[in-house]
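Visitor: I am attaching a structure below and will ask some questions about it afterwards.
The values are calculated or read from the model by the stated rules, or taken from the named source; none is laboratory data. Keep in mind that this is a model prediction, so the values were computed, not measured. Cβ placement follows ideal geometry from the backbone for every residue including glycine, while neighbour counts extend to all protein chains displayed.
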Amino acid sequence: MKFIDLIKNLTTKTLAVTTFTAKTLATKNLATLLLTSVILFGAISLNTGCAQKPAAQQNANSSSSTGPVSAAGLAAFQSGLYAFAQTQGCAVCHGNSNAPLFAVTDVNAAYLAAKPFVNFTTPASSLIITYAGNGHCGGTSCSSPAIDPTVQGLITTWVNAENAAPPPAPGPGGGATSGPAYMTGSVSLPTTLATLMSSATPSVIRFQLSALKPAVASLSNAILEVEVRNENGNEYRFANPKIAGNTVAVNIAGLHLYVRSAATTGIGNEDPNTGLAWATITGTAPIFARPGTLPAGPLGATPLTTTPLFDPIQGGSTINVTPDVVTIGFGAIN
Ligand code: HEC
């Protein structure tokens, strides 16, 4: 039995005793009346006084309250379910100290706290709809199942906005019509690149993952390194993406590498034929210390993939005279 159910049971029983007491008040002595009042007072203050959830449940909820923020989804949440939670009175508790904190003043935090209680595949099955009318708050604001359809409507509007929304903000400049969940900042390619046939060590570009959007805690001091060569004068050859400075081993699913001319904005292009070689990879970056001084050539870390990918030059007619700029997206990081 959940803690709150236990309390509800207790209250129901105590209320029954009190009703009985009221009817038979004349025949009861003062001591019984006082005792009953004390029990009743205690039970009611626990049930309706914004009782805290047991710690384990709070943690379970807050740990799942992550994920990217979509602008259209956030807007739909704010004008819909969030506004409703204020007028309906859910904010008395859920805007204050009771998890889930989906009605707090900080709408971004509220949005993230609400998400785990919404079923984005089947909106009608969202737990928050049930809770809107199930009486769990011990007051009128959450005790009428008649408001469930209203809440379901608000959730459906939110889910539709979320699903129709473009993906989370791409790297600096923006402009992609679709993109992966995590984006690096942009890094310029070196103007002089190792050629494919030369025995010279490949050139490397490195991305500071402290700039990853959205941020990933275990990568806040990490770098992503990619080797690059001049394939044939018209194409870059990228290889051996590696992570260093991660505090835990991270699993990566899907890498996208975009190239653009420094003269343009947006995240750039990936060649539809040869630029997608990493789009479906899965790889693990074991913990690899970030050297105090980075070497000129490649790091010794294990690559996420050993398959190379190729992207055409974007600016000018000779490889990297502009120079070109690279941005990388991760499909998933965990
Ligand atoms: C008087 C305080 C109070 C009010 C008002 C209130 N709640 Fe709650 N709510 C709680 C408490 C306490 C819990 C945790 C205990 C539980 O799960 O029953 C909770 C839990 C929840 C949960 C999480 C259930 C879970 O499985 O973790 C949802 C969703 C929720 N409330 C929705 C609402 C909605 C929607 C409203 C407004 C219509 C509302 N609440 C009004 C006190 C309140």
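Visitor: Please determine whether any residue of the stretch 244-260 is in contact with a Pro (Cβ under 8 Å, 6 or more places away or on another chain) and more than 22 Å from residue 210 (Cα to Cα).
Guide: no
Visitor: Let me ask you something else. Just need a number here: residues in the stretch 310-328 that are within 25 Å of the chain's Cα centre (by Cα) and under 16 Å from residue 265 (Cβ atoms).
Guide: 2
Visitor: Could you look through the stretch 123-144, keep only residues that are closer than 19 Å to residue 92 by Cα and more than 7 Å from the ligand (Cβ to nearest atom), and pick out the one that is surrounded by the fewest Cβ atoms within 10 Å (Cβ to Cβ)?
Guide: Here the residue is 140.
Visitor: Still on this model: Could you check residue 81 against (1) within 9 Å of the ligand (Cβ to nearest atom); (2) modelled with pLDDT under 95 and say which number it fails?
Guide: (2)
Visitor: So, one more: Taking the stated definitions as given, is residue 160 assigned to a helix (DSSP H, G or I), exposed (fewer than 14 other Cβ atoms within 10 Å of the Cβ), away from the ligand (no atom under 16 Å from the Cβ) and under 23 Å from the mean Cα position of the chain (by Cα)?
Guide: No; evaluated as a whole, the condition is false for this residue.
Visitor: If I go through the stretch 308-331 residue by residue, how many of them are in a loop (DSSP other than H, G, I, E, B) and surrounded by 13 or more Cβ atoms within 10 Å (Cβ to Cβ)?
Guide: The total comes to 9.
Visitor: Consider residue 119 carefully, then state whether it is touching a residue at least 60 places away in the same chain (Cβ under 8 Å), in the same structural domain as residue 76 (by TED's automatic domain parsing), surrounded by fewer than 19 Cβ atoms within 10 Å (Cβ to Cβ) and more than 10 Å from the ligand (Cβ to nearest atom).
Guide: No; evaluated as a whole, the condition is false for this residue.
Visitor: Please go through the stretch 263-274 and pick out each residue that is surrounded by fewer than 16 Cβ atoms within 10 Å (Cβ to Cβ) and of a type outside the set (S, T, N, Q).
Guide: Correct list: 263, 272.
Visitor: Here is a follow-up. Could you check how many residues of the stretch 209-265 are over 15 Å from residue 183 (Cβ atoms) and of a type in the set (Phe, Trp, Tyr)?
Guide: 2
Visitor: Residues being within 9 Å of the ligand (Cβ to nearest atom) and buried (at least 21 other Cβ atoms within 10 Å of the Cβ): count how many of those fall in the stretch 92-116.
Guide: 6
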